Amino acid sequence: MIIDLRSDTVTKPTKAMLDAMMQARVGDDVFREDPTVNTLEERIAKMFGKEKALFFPSGTMANQTALKLHTNPGDQVICDKYAHIYNYESGGASFNSGVSCKLIDGNRGMFSAKQVLESINPDAYYYSKSSLVEIENTTNKGGGACWDYDEILKIRNICDDNKLGFHLDGARIWNALVAKKETTKQYGLVFDTISVCLSKGLGCPVGSVLVGDSGIMENAIRIRKIFGGNMRQAGYLAAAGLYALDYNVDRLIDDHKKAKEIGEELKKLSTIKMVEPIETNIVIFELNDDVNENQFVQRLANENIYIISMGGRKLRMVTHMDYIGSMHEKLIGTLKKL
Ligand SMILES: *Cc1c(COP(=O)(O)O)cnc(C)c1O
């Protein structure tokens, strides 16, 4: 039994999901003739109360397309220092869109409306033009933390006052919605564009979707083509997404419960300095100064338990669909023995 907690992207499609994929009706999506892709896009657009949605091969490409839609070269994007678009997209913001990032020193990947206001450059020609605010919900490097919706509303008002776009990296928005009992419509209401992943907690092999209204989304398909993201009979993949929306959203609560239980166990260990608050499916903890990080990771690996380092003596575990009850029992048992 291999217990892989490195990420919620390690899941493999279930038999039922594969069956749904096998039965998909497909066509050439470059001609916009794939009925399953069209259905998925229409469904997700509608869920968020937006006019348009576009299927992407990755969350990175969906985010990078959003940055391109909102900015011109030389502009500045306001985001947290932990932001995925800044840390984990290979410098794509500068490579693809020629923009810089103004990094906010937030808390667990989140910041306040006041900090946004302070980060907007003055309207003078020698400053970079602030054109977009980008946030992540849940935050990845922030340990699966969920934003306070009221703070998001306040940021929306600041964006309106200062003519800034507002993009949500919703790679794990499903986790946030389930944890906070919020709705897709609430999020559609406040953001200009939202990227959502199907390949994280929802368990699909591939796929992300970018949503927005017609105006901002007009060029999305052209940008996707430029980035090389056009696909042909992608309905086989979209079918997995449709299946996941039906069956794999509500169950996320189970991943969250397991993550909290892991956290409780970790807190009892003398080798651990602190466990970050656990709101969803990500557990980030820090080892004591006298504990060797590699040895700690290796000790778990010897038991077929895999976790990853986040740098700075922090380690991460992520619960997911394929982390089943028997694995959870074994992990908890192993932690008790550490
Ligand atoms: C995983 C992730 C993405 C997208 O990653 P891909 O691997 O390109 O699908 C974007 N943002 C966040 C916060 C993520 O965790």
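Tabulated data
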{"read-out": "Residue match in the range 44-51 (condition: touching a Lys or Arg at 6+ places or on another chain (Cβ under 9 Å), more than 15 Å from the ligand (Cβ to nearest atom), within 12 Å of residue 195 (Cβ to Cβ) and modelled with pLDDT of 95 or more)", "value": "yes"}
{"read-out": "Listing of helices (runs of 4 or more DSSP H) fully contained in the range 187-271 that carry 1 or more residues being crowded, with 16+ Cβ neighbours inside 10 Å and of a type outside the set (A, V, I, L, M)", "value": "220-226, 235-247, 252-267"}
{"read-out": "Helices (runs of 4 or more DSSP H) (entirely within the range 91-166) containing at least 3 residues that are within 19 Å of residue 66 (Cβ to Cβ)", "value": "92-97, 149-161"}
{"read-out": "Residue in the range 132-145 that is away from the ligand (no atom under 16 Å from the Cβ), in contact (Cβ under 8 Å) with a residue 24 or more places away in the chain, more than 16 Å from the chain's Cα centre (by Cα) and in the same structural domain as residue 79 (by TED's automatic domain parsing) present", "value": "no"}
{"read-out": "Answer residue from the range 95-119, given it is buried (at least 16 other Cβ atoms within 10 Å of the Cβ) and of a type in the set (Ser, Thr, Tyr) and is farthest from the ligand (Cβ to nearest atom) among those", "value": "119"}
{"read-out": "Residue, farthest from residue 324 (Cα to Cα), within the range 11-34, restricted to residues that are among the hydrophobic types (A, V, I, L, M, F, W, C) and part of a helix (DSSP H, G or I)", "value": "31"}
{"read-out": "Sole residue being within 16 Å of the ligand (Cβ to nearest atom), surrounded by 17 or more Cβ atoms within 10 Å (Cβ to Cβ) and either closer than 22 Å to residue 184 by Cβ or of a type outside the set (A, V, I, L, M, F, W, C) (or both), chosen from 17, 61", "value": "61"}
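The values are calculated or read from the model by the stated rules, or taken from the named source; none is laboratory data. Just so you know, these numbers come straight off a predicted model, no measurement behind them. Cβ sites come from the backbone with ideal geometry, for glycine too, and all protein chains shown count toward neighbours.
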